[in-house]
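Student: One structure, as structure tokens, below. Some questions next.
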Amino acid sequence: MNAPDKNPPAMLSDGVVDWLTNGTRDERFIDNIFAEMCIRLQQAGIPLKRATLHVLIHHPQWLGARFMWSDGMREAELARVDYDVRERSEFIGSPANELQDGATEVRENLERDASLGRKHALYDEMRAKGLTDYVAWPLYHTLGKRHLITFATDRPGGFDDAHVAALKKLLPVLALVSEIRVKNRLARTLLETYVGAHAGQLILAGATRRGSGTTVRAAIMICDLRDFTKISDNWPRDDVIDLLNDYFDAMSEPIARHGGEILKFIGDGLLAIFPLSEPKACANLLHAVSEARQAMAALNERNNGKGRAPLNYGIGVHVGDVMYGNIGSTSRLDFTVIGPAVNMASRLEALTKQLGRTVLLSRAFAELVEPEFELEHVGKHEVRGFSDPIELFAYQG
């Protein structure tokens, strides 16, 4: 490699270290910090052409995320990484693979004969882009967690010793800065996963006191799978879990797509609300029901090919005021909705089996969507827990 530049290593990165330490407090996202850091490294005299940051995350769908920056970019590109990536060629033999296996540095001279270097498609891609040198290090977070950062240059001769020393000097500070953002993102992800996006935002904003809450006017949807006890008694355990996941996917994705929020899964049932702060909330709920019906039909067709009986379900829908907030013991809380309107939706769901309808709507809800939707009037019926008969409508979707 070339001889060090005139500036000692400290001078090349001191300003960037100071900025990471004192200038990033108000920046929420690590990808923005990462891109700005790369630009500042260039301005400090380090010939950076490409950099990546790889972090492991706890998410139901993704193992991790990769942030990639290259010369001229103002923002980093985000790519999500699947859980099965470690079984694929893009990982096997890669720098990430080496570092996972315990390496503390991966350095590759991209100017030398490729036959003499490491064998992986990544190195060939970088050579094709004119890069001359590549280095990757683990980025250590607390409790032994290891992430990954890489830097590459197109400078003839690659990085010199001063450049490498300056980049290494950044790592402990970047580790602290990135861990805070990753854990903040993890907290949001876990809350969104387990209590929903809106409830998660409220909890992060400080709504954690028992009994705290607010009154929300919303359309309430309760869905329940039919004959689940029989299925769970007769099917293998793993098949039952797969069935429930497929069923909840069919129901949940349309709800989220149309602005609803699933507050909880209860065994084989779910509770979702569509706040009326959205003017088309009730219509959105029925659009979600229609799409869920189509998804369930497709699921049943797939299950039929495996010799499984079709899955049946019931949905009860009502509208009204609910108390939305924290309920529970002194040490274990649940962020949910309660109130007579929730009870009504639950009773209507139970009536779907008795009346032979898949979806039952209360008169209060039906009045908010007529005449946009074609509803079937099914008369007045006694509803357990309510003194007067309730006028009901069915929706075929």
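Student: GNM, the chain, Cα, under 10 Å: largest mean-square fluctuation among Lys380, Lys230, Lys264?
Tutor: Most flexible of the set in this elastic network: Lys230.
Student: Taking only DSSP H segments of four or more residues, each worth -39500 (n - 2.57), what value at 222 nm results for the chain once the sum is divided by all its residues, to the nearest 500 deg cm²/dmol? It would help to have the intermediate numbers written out before the result.
Tutor: Working: 11 runs with 158 residues, N = 397.
Only helices count here, giving -13000 deg cm²/dmol.
Student: Scan around Leu263 for amide H atoms under 5 Å from its own, H built in the peptide plane at 1.01 Å from N, and keep only partners 5 or more places away or cross-chain.
Tutor: Counting only residues 5 or more places away or on other chains, the set is Leu271, Ala272, Ile273.
Student: Sequence-distant or interchain residues sharing an amide H contact under 5 Å with Val319, placed H: which?
Tutor: For Val319, the qualifying residues are Ile220, Phe365.
Student: Report the Cα centroid-to-centroid distance between region 363-382 and region 56-114 in angstrom, as an integer.
Tutor: Spelled out, the Cα-based centre of one part sits 54 Å from the other.
Student: Turning to a different aspect of this structure: Between Lys119 and Arg257, what is 0.36 nm times their sequence separation minus the Cα-Cα distance? Round to one decimal in nm. Let's see the in-between values first.
Tutor: On the way: separation 138, 0.36 × 138 = 49.68 nm, distance 4.34 nm.
Value of the extension gain: 45.3 nm.
Student: Let me ask you something else. Tell me, what ³J(HN,Hα) does each residue in region 78-93 have, in order and in whole Hz, if you take phi through Karplus 6.51 cos²θ - 1.76 cosθ + 1.60 with θ = phi - 60° and put x for Gly and Pro?
Tutor: Taking θ as phi minus 60°, the curve returns 9, 10, 7, 10, 6, 5, 8, 4, 5, 9, 9, 5, 5, 9, 4, x Hz for region 78-93.
Student: Which peptide among 148-155, 272-279 comes first, and what is the full order, when sorted by highest mean count of other Cβ atoms within 10 Å? Don't skip to the end; give the middle numbers.
Tutor: Details: 148-155: 21.4, 272-279: 18.0.
Ranking, from highest mean packing down: 148-155, 272-279.
Student: According to the square roots a ≥ b ≥ c of the eigenvalues of the Cα gyration tensor, what is the shape class of region 32-167, taking rounded for a/c under 1.5, prolate for a/b larger than b/c otherwise, and oblate for the remainder? Don't jump to the answer; show the numbers that get you there.
Tutor: Details: a/c = 1.62, a/b = 1.22, b/c = 1.33.
It is oblate, given that a/c is not under 1.5 and a/b is not larger than b/c.
Student: Turning to a different aspect of this structure: Quick check for you: which residues of region 337-357 have the amide N under 14 Å from the point 7 Å beyond the Cα of Ser387 toward its beta carbon?
Tutor: Answer for this model: none.
Student: Please label the shape of the chain as rounded, prolate or oblate, based on the square roots a ≥ b ≥ c of the eigenvalues of the alpha-carbon gyration tensor (a/c under 1.5 means rounded; beyond that, a/b larger than b/c means prolate, else oblate).
Tutor: Values: a/c = 3.16, a/b = 2.25, b/c = 1.41.
Prolate, because a/c is 1.5 or more and a/b exceeds b/c.
Student: Rounded, prolate or oblate, given the Cα gyration tensor of region 214-341, with a/c below 1.5 counting as rounded?
Tutor: Working: a/c = 2.72, a/b = 1.49, b/c = 1.82.
Oblate, because a/c is 1.5 or more while a/b does not exceed b/c.
Student: Treating cross-link reach as a plain straight distance, find the lysines whose alpha-carbon is under 25 Å from the alpha-carbon of Lys280, omitting any fewer than eight places away in the same chain.
Tutor: Lys264
Student: Here's another thing I want to ask about it. Tell me which residues come under 5 Å, amide H to amide H, from Arg155 once H is placed; ignore anything under 5 positions away on its chain.
Tutor: When sequence neighbours closer than 5 places are left aside, the close amide H contacts are Thr132.
Student: Could you run the Karplus curve 6.51 cos²θ - 1.76 cosθ + 1.60 with θ = phi - 60° over region 333-348 and give me ³J(HN,Hα) per residue in whole Hz, x for Gly and Pro?
Tutor: 10, 10, 8, 8, 10, 9, x, x, 5, 5, 4, 4, 4, 5, 5, 5
Student: Do any of Lys353/Lys380; Lys49/Lys129; Lys119/Lys168; Lys230/Lys353 go past 18 Å between their Cα atoms, and which?
Tutor: From the list (Lys353/Lys380; Lys49/Lys129; Lys119/Lys168; Lys230/Lys353), the Cα-Cα distance tops 18 Å for Lys119/Lys168.
Student: Need the full-extension length gain, Thr330 to Gln396, defined as separation in residues times 0.36 nm minus the C-alpha distance. One decimal, nm.
Tutor: Numbers: separation 66, 0.36 × 66 = 23.76 nm, distance 4.39 nm.
Full extension from Thr330 to Gln396 adds 19.4 nm.
Student: When all protein chains stay in place, what accessible area (Å², nearest 10, 1.4 Å probe) is found for Phe29?
Tutor: 90 Å²
Student: Now for a separate question. Kindly write out, for region 354-366 in residue order, the coupling ³J(HN,Hα) from the Karplus curve 6.51 cos²θ - 1.76 cosθ + 1.60 (θ = phi - 60°), rounded to whole Hz, with x marking Gly and Pro.
Tutor: Couplings: 5, 8, x, 10, 7, 10, 10, 10, 6, 4, 4, 6, 4 Hz.
Student: Given the Cα-Cα distance of Thr142 and Ala197 and 0.36 nm per residue of separation, how much length would full extension add, in nm? Before the final figure, lay out the partial values.
Tutor: Details: separation 55, 0.36 × 55 = 19.80 nm, distance 2.73 nm.
Difference between extended and current length: 17.1 nm.
Student: Where does each of 291-297, 79-85, 34-40 land if you order them by average Cβ count within 10 Å, highest first? Display every interim value, and only then the final one.
Tutor: Values: 291-297: 17.6, 79-85: 13.4, 34-40: 20.7.
For the peptides 291-297, 79-85, 34-40, the packing ranking is 34-40, 291-297, 79-85.
Student: Counting only protein heavy atoms and using a 1.4 Å probe, what share of the accessible area of the chain belongs to carbon plus sulfur, as a whole percent?
Tutor: Of the solvent-accessible surface of the chain, carbon and sulfur hold 50 percent.
The values are calculated or read from the model by the stated rules, or taken from the named source; none is laboratory data. These numbers were taken from a predicted model, which means no experiment stands behind them. Note that we place each Cβ from the backbone using ideal geometry, even for glycine, and neighbour counts take in every protein chain shown. All accessible areas refer to the heavy atoms of the entire protein, side chains included, with ligands and DNA or RNA removed. Shrake-Rupley method; radii C 1.70, N 1.55, O 1.52, S 1.80 Å.
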